[in-house]
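Each reported figure results from applying straightforward, stated rules to the coordinates on display, with no laboratory input. On a predicted model such as this, the values are computed, not experimentally measured, just so you know. When we count neighbours, we look across all protein chains shown, and the Cβ atoms used for this are built from the backbone with ideal geometry, even at glycine.
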Amino acid sequence: MNKRIALVFVPVGIGINIVGGMLASGLKLPVFLDTIGTILSAAILGPWWGALTGGLTNIIMSLQNPMDMWFALVNIAVGLIVGYVSIRFGFQKWIVVLVAGLIVAVVAPIIGTVIATYVYGGLTGGGIDVFTAGLMKSGADVFTAAFIPRIGSNLVDKLLSVFLVMFVILALPKNLKGFAAGPEKA
Amino acid sequence: MSTDTAGGLPAFEPGAFPHPVGLLALPVGPRMFLTCCGVLAVALSASISVLVVQLAALLMVAIALRILTPLLKTWRTVGWVSASIVVIYAWAYPGSTDYVWVFGVQGFLSGLLIVVRLLGFVTVLYLMLLSTGPLAIVRWVGDVNDDLGIMVSLTLSVVPVMKQQMETTIQAQQARGLEMGGNLVRKLRAYLAVMIPVVVKSLVRAYGMAALLHVRGYGSGRRDKPVFRVTAAVVTCYALGVLWVAASTVARLALR
């Protein structure tokens, strides 16, 4: 993959993140689905371009709502994890994709909860706060109470995202797959 | 300025807009530095009183920049979550020992600290955004790094096209009988039916854009970088940022 392709792939990845998130919230889905572009960029271009796609997504979104900037770290971590998995094993085998999705589904809410606990006290201002409040009242510390409701939705969110990307990559011609083709084919 | 030309829109007259003065004359780079220092200083503050002092100082700056009203309006974006934090922390915070009816005093104070800190973050970040504007920030990114600038510019041009693409795809799929509502499985199916064509078309567009960059000779010659002038105002800005973080750190250590 030459640099020019990477330079245009990152904006498209950011666009996919933004449009994907908009569609998910428009359909009132209980998941975010706003990291598809990051995962796609990372799988094809590698970890650093993936991290750049993730980081820039939140930075550009923060031009409209600056509080989105905080969660750039989550998106960067998603890009790095998927990128390294893709470099090492490719991104076309379902078992590799499943393991990558599971790792991302655990790491992303851990980082997200640390940020949300510090900035927002672990709450979202939505209905899920009742669950968080219930866990806090039953004696759980703030981090645990904020983490447990997030892990379930992240599991569905990230697994759906990685498999969607895998199907897109499988449909791509060989010369456009980049690192996702696997170490021996890249 | 006359308003009777261009269909009621104000006509452009050279020199009609005053040259930026005072704080508004500062370049974007030092402002970004000051914003980063502000975020760090607020994050380092662990006492309500220190945070309130910083918040008051930021509001004074907003008054000086004449953006107090729009700045206060941005507080509404975190209004609901702030109310939730205070109520839920007062009711459910595990560390509460003293109670007034069902609400714990320690929980209330912890919630209040988080809310004041949250307002501090919102104020610092929106102060930057309202006083500078997104376009100036994008231009500054291009000045810092060419590749980053082209990526941000391409993103800003690609996103509206992709939104349009998404709307067209939704209409096309609905015409083929796709239902956008219903249970969770049906919604997920609708999501995939819209998202997969959007992603594939975006990739095709990406390769078209890469070819255009190649044809236009992007990367073959570097453009001249703008010269950053070090003025007294810029130096003061950097010094203020460092002082702000240092004061916040000292206050945190002293109040421990």
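Its relative contact order, with pairs defined as Cα atoms under 8 Å and 6+ residues apart, puts chain B at 27 percent.
Along each principal axis, taking the top coordinate minus the bottom one, the Cα set of chain B gives 65, 60, 46 Å in descending order. Per residue of B:197-204, other chain Cβ atoms within 10 Å of the residue Cβ number 6 on average.
Using 1/(1 + (r/R0)^6) with R0 = 35 angstrom and r between the beta carbons of A:Val99 and B:Ala175, what's the FRET efficiency to the nearest 0.05?
For A:Val99 and B:Ala175, the calculated efficiency is 0.35.
Computed from the alpha carbon atoms alone, the convex hull of region B:26-133 holds 100 Å³ per residue.
Counting Cβ atoms of other protein chains within 10 Å of each Cβ in A:62-68 and taking the mean gives 6. Counts of other chain beta carbons within 10 angstrom of each beta carbon in peptide B:80-88 average 6. Over region B:125-256, the pair-distance histogram of Cα-Cα distances with 10 Å bins from zero comes to 9, 21, 22, 20, 15, 11, 1 percent, rounded to whole numbers.
Could you calculate the FRET efficiency of B:Trp75 with A:Lys174 from 1/(1 + (r/R0)^6), where r is the beta carbon distance between them and R0 is 56 Å, rounded to 0.05?
On the way: r = 53 Å, r/R0 = 0.94.
Computed FRET efficiency for B:Trp75 and A:Lys174 comes out at 0.60.
Counting other C-beta atoms within 10 Å, and keeping those with at most 15, which DSSP coil trypsin sites (Lys or Arg not before Pro) do you find in region B:84-178?
Working: sites: B:Arg117, B:Arg139, B:Lys163, B:Arg176; in loops: B:Arg176.
Qualifying residues, ordered by number: B:Arg176.
Of the residues B:Tyr99, B:Tyr126, the one with the fewest other Cβ atoms within 10 Å heads the list, and the complete ranking is B:Tyr99, B:Tyr126.
Ranked by how many other Cβ atoms sit within 10 Å of their own Cβ, fewest first, the residues B:Tyr89, A:Tyr118 fall in the order A:Tyr118, B:Tyr89.
Ordering B:Trp75, A:Trp70 by the number of other Cβ atoms within 10 Å of each residue's own Cβ, fewest first, gives B:Trp75, A:Trp70. What pairs in B:Lys163/B:Lys201; A:Lys158/B:Lys187; A:Lys137/A:Lys158; A:Lys28/B:Lys187; A:Lys158/B:Lys163 have C-alpha atoms more than 19 Å from each other? Over 19 Å Cα-Cα: A:Lys137/A:Lys158; A:Lys158/B:Lys163.
Across the protein assembly as shown the C-alpha pair distances fall into 20 Å bins from zero in the proportions 22, 51, 26, 1 percent.
Equivalent-ellipsoid semi-axes for chain A (Cα gyration tensor, √(5λ), whole Å, largest first): 30, 17, 14. Residue by residue, region B:169-183 carries 3J(HN,Hα) couplings of 5, 4, 4, 5, 5, 5, 5, 8, x, 6, 9, 8, x, x, 6 Hz when phi is fed to the Karplus relation 6.51 cos²θ - 1.76 cosθ + 1.60 (θ = phi - 60°); x denotes Gly or Pro. 3J(HN,Hα) along region A:124-130, derived from phi through the Karplus expression 6.51 cos²θ - 1.76 cosθ + 1.60 where θ = phi - 60°, amounts to 10, x, x, x, 5, 4, 4 Hz, with x in place of Gly and Pro. Derived scalar couplings between HN and Hα for region A:31-42 equal 10, 7, 6, 10, 10, 4, x, 4, 5, 5, 4, 5 Hz in order, rounded to whole Hz, by the Karplus curve 6.51 cos²θ - 1.76 cosθ + 1.60 (θ = phi - 60°), x for Gly and Pro.
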